[in-house]
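A.B. asks: Just passing along the structure, written as structure tokens.
The values are calculated or read from the model by the stated rules, or taken from the named source; none is laboratory data. No experiment lies behind these values; they were computed from the predicted model shown. Positions of Cβ are backbone-derived with ideal geometry, glycine not excepted, and every protein chain shown enters the neighbour counts.
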């Protein structure tokens with residue numbers, strides 16, 4: 001969940017709650033205030049009426065009241081007990097032709113020893129309209145305030161977090177091998193400014209570390225060459241010594257093989273650091289088809305030795321803009337893997353399609369673990385000749401050209417597919 | 001034949017000298033840039049082995065001086081760097097060959113022999129050894145004047161052993177010589193056995209003495 005939505009979520013929930021609770025509460029409160037007011041009014045009217053009745057009581061012309069005041073009814077009471085009661089009731093209004101709520105005060109009074117039942121009613125329709133209008137207006141205002149606040153907060157937060165998202169975006173795109181450090185824009189917010197300077201210094205430190213590590217790998221590999229050359233030459237001289245027993249010869253052979261392996265390992269590490277150092281920056285139009293053919297020719301002996309059949313299917317002429325040497329290394333690594341991990345008399349298929357090619361081979365293992373396949377020194381074979389660096393190199397070369405390399409296993413074929421994003 | 005080995009790593013130059021002693025070479029060693037310049041100015045060498053990274057200067061400058069003085073000897077650059085740029089720069093400056101460290105001494109010996117053969121003025125590109133005659137231009141071998149039909153690989157293998165005659169050439173060195181980087185792919189040295197078997201059979205059939213000896217599975221030796 002985004003930071004902004006997270007912070008706004010609380011606001012929204014609270015606002016909706018307040019809205020839901022406040023509007024009915026407001027409505028009922030207002031209604032009860034109005035009812036009280038009407039009741040007081042009715043009581044006052046009753047007092048006024050009684051005063052008037054007292055003046056005209058001798059003639060008892062109470063029916064006239066009803067002529068002038070249709071809301072007042074006076075009639076002799078049956079019960080002789082002083083009593084006031086108020087209630088709300090619906091009356092049919094002949095003008096508006098609908099039932100209208102009325103507040104009624106029914107009172108039994110005694111005037112000059114005579115008992116009267118007085119009923120005073122008052123229409124509530126105006127009050128209800130008023131209440132409804134007030135509540136509506138209040139609700140609308142409340143909604144407007146809440147929505148406005150949300151929008152302002154959102155807009156403001158967006159603006160506030162903008163430098164943060166800018167920093168995040170740059171961090172996301174940061175590649176340690178390409179940039180020295182992340183240069184971040186100025187911001188007026190202290191925390192973000194602090195964050196930015198920290199990130200800048202962190203990335204610049206990391207890049208320095210990366211450079212020195214890279215330099216170390218390269219230097220170490222270079223420095224290894226000379227002692228390796230000395231070692232190898234001494235082993236060769238040792239071969240020339242006489243007398244030589246079979247036991248010695250065996251030891252010397254093993255030394256020589258170990259030296260050869262060290263040599264290859266070192267060369268491969270150097271190649272890796274050269275790729276990292278972008279020393280293959282000369283690009284040209286590379287034809288995948290002819291490169292595959294060239295390599296197939298080169299590996300003819302190895303193919304024959306294992307009696308492998310190589311099938312190449314070319315769907316179209318695929319060309320890419322890349323370094324010829326690197327593409328040869330890439331395809332060479334995949335082909336030599338396909339040969340090395342193959343079974344005697346197995347097969348290798350190479351399929352070249354627009355912007356991608358696939359090399360698949362039979363093998364004596366089931367599906368390989370694709371997660372650690374492309375990591376260095378992750379050997380999934382006990383073959384001593386395998387360095388565990390071939391696929392790492394293939395991956396690096398693919399990364400360099402923004403190509404994707406994927407491994408799949410189906411129909412007992414191990415397939416490596418390289419797809420280039422653009423030609 | 002006079003050789004100059006310009007190499008600051010004493011153990012390596014010592015190995016090279018010891019190995020090449022078997023051939024008819026007179027080897028001198030220069031351990032730094034200054035000595036190398038002095039020697040090349042004063043003497044003529046048939047071949048100079050030149051390390052590029054020297055403690056007091058770039059070996060390529062020795063090469064420049066050699067070419068400026070119109071020296072006729074061959075130059076083989078031996079470098080730990082193996083950078084394509086270095087290789088191109090060296091070859092453009094007139095070096096005959098480039099060998100990256102670490103290398104097999106047998107490979108070095110074969111390259112020196114090839115450079116010297118190429119540089120020979122009398123145009124004689126023929127190598128004679130008892131009943132064997134190698135025409136290094138046509139890449140053919142004949143026994144007592146009669147041609148033997150060898151494949152390209154068999155010829156390369158034979159010449160490689162001959163230029164390292166009387167010394168054991170390791171299987172690793174042969175594999176690398178014959179197949180270059182492709183050697184990585186082979187799980188074993190079966191292909192060497194196969195080539196070797198065919199070569200020996202053909203040579204014996206042609207009436208050549210069986211000079212090639214297997215040495216305890218360690219390597220092979222052209223014993224003469």
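A.B. asks: Looking at (1) within 14 Å of chain B (Cβ to nearest Cβ); (2) assigned to a helix (DSSP H, G or I), which is the only condition residue A:200 fails?
C.D. replies: Unmet condition: (1).
A.B. asks: Taking the range A:264-279 only, how many residues are without any contact (Cβ under 8 Å) to a residue 60 or more places away in the chain and within 10 Å of chain B (Cβ to nearest Cβ)?
C.D. replies: 5
A.B. asks: If you take the residues of the range A:159-175 that are more than 17 Å from the chain's Cα centre (by Cα) and surrounded by fewer than 13 Cβ atoms within 10 Å (Cβ to Cβ), which of them is farthest from residue A:277 (Cα to Cα)?
C.D. replies: Ranking the candidates gives A:159 first.
A.B. asks: Could I ask something else about it? Select, from B:145, B:59, the only residue that is at pLDDT below 90 and in the same structural domain as residue B:17 (by TED's automatic domain parsing).
C.D. replies: B:59
A.B. asks: Could you list, in sequence order, the residues of the range A:89-111 that are farther than 21 Å from residue A:43 by Cβ and out of contact with any strand residue (DSSP E or B) (no Cβ under 9 Å at 6 or more places or on another chain)?
C.D. replies: Within the range A:89-111, A:94, A:95, A:96, A:97 meet the criteria.
A.B. asks: From B:94, B:90, which residue is touching a residue at least 24 places away in the same chain (Cβ under 8 Å) and part of a loop (DSSP other than H, G, I, E, B)?
C.D. replies: Matching residue, one of B:94, B:90: B:94.
A.B. asks: Follow-up. In the list B:141, B:126, B:148, which residue meets the criterion of being more than 14 Å from every other protein chain (Cβ to nearest Cβ), farther than 24 Å from residue B:104 by Cβ and in contact with a helix residue (DSSP H, G or I) (Cβ under 7 Å, 6 or more places away or on another chain)?
C.D. replies: B:148
A.B. asks: Oh, and also: Do we find that residue A:244 is more than 13 Å from residue B:172 (Cβ to Cβ), part of a loop (DSSP other than H, G, I, E, B) and within 8 Å of another protein chain (Cβ to nearest Cβ) in this structure?
C.D. replies: yes
A.B. asks: Out of (1) surrounded by 11 or more Cβ atoms within 10 Å (Cβ to Cβ); (2) more than 60 Å from the chain's Cα centre (by Cα); (3) in contact (Cβ under 8 Å) with a residue 12 or more places away in the chain, the odd one out for residue A:19 is which?
C.D. replies: (2)
A.B. asks: Condition first: within 12 Å of another protein chain (Cβ to nearest Cβ) and in contact (Cβ under 8 Å) with a residue 60 or more places away in the chain. Now tell me which residues in the range B:13-48 satisfy that.
C.D. replies: Of everything in the range B:13-48, those that are within 12 Å of another protein chain (Cβ to nearest Cβ) and in contact (Cβ under 8 Å) with a residue 60 or more places away in the chain turn out to be B:15, B:16, B:19, B:20, B:22.
A.B. asks: Can you report the number of residues in the range B:81-122 which are surrounded by 21 or more Cβ atoms within 10 Å (Cβ to Cβ), within 11 Å of chain A (Cβ to nearest Cβ) and over 11 Å from the mean Cα position of the chain (by Cα)?
C.D. replies: Residues meeting the conditions: 2.
A.B. asks: Based on this model, can you work out whether residue A:187 counts as at pLDDT below 90, away from chain B (no Cβ under 14 Å) and farther than 30 Å from residue B:51 by Cα?
C.D. replies: Against the criterion (at pLDDT below 90, away from chain B (no Cβ under 14 Å) and farther than 30 Å from residue B:51 by Cα), residue A:187 qualifies.
A.B. asks: Would you mind stating whether residue A:38 is touching a strand residue (DSSP E or B) at 6+ places or on another chain (Cβ under 9 Å), in a helix (DSSP H, G or I) and surrounded by 10 or more Cβ atoms within 10 Å (Cβ to Cβ)?
C.D. replies: The answer is yes for residue A:38.
A.B. asks: Which condition does residue B:127 not pass, out of (1) modelled with pLDDT under 90; (2) within 30 Å of residue B:214 (Cα to Cα); (3) more than 15 Å from the chain's Cα centre (by Cα), if it passes all the others?
C.D. replies: So residue B:127 meets the others, but not (3).
A.B. asks: Give me the residue from the range A:221-239 that is at pLDDT below 85 and more than 7 Å from chain B (Cβ to nearest Cβ) and, out of that set, nearest to residue B:15 (Cα to Cα).
C.D. replies: Among them, the one singled out is A:223.
A.B. asks: While we're looking at this one, here's another question. Would you mind listing the strands (runs of 3 or more DSSP E) fully within the range A:83-149 where at least 2 residues are touching a helix residue (DSSP H, G or I) at 6+ places or on another chain (Cβ under 7 Å) and surrounded by 13 or more Cβ atoms within 10 Å (Cβ to Cβ)?
C.D. replies: Correct list: A:98-111, A:114-123.
A.B. asks: Checking residue A:314 against (1) at pLDDT below 90; (2) away from chain B (no Cβ under 13 Å); (3) surrounded by 19 or more Cβ atoms within 10 Å (Cβ to Cβ), only one condition comes out false. Which one?
C.D. replies: (3)
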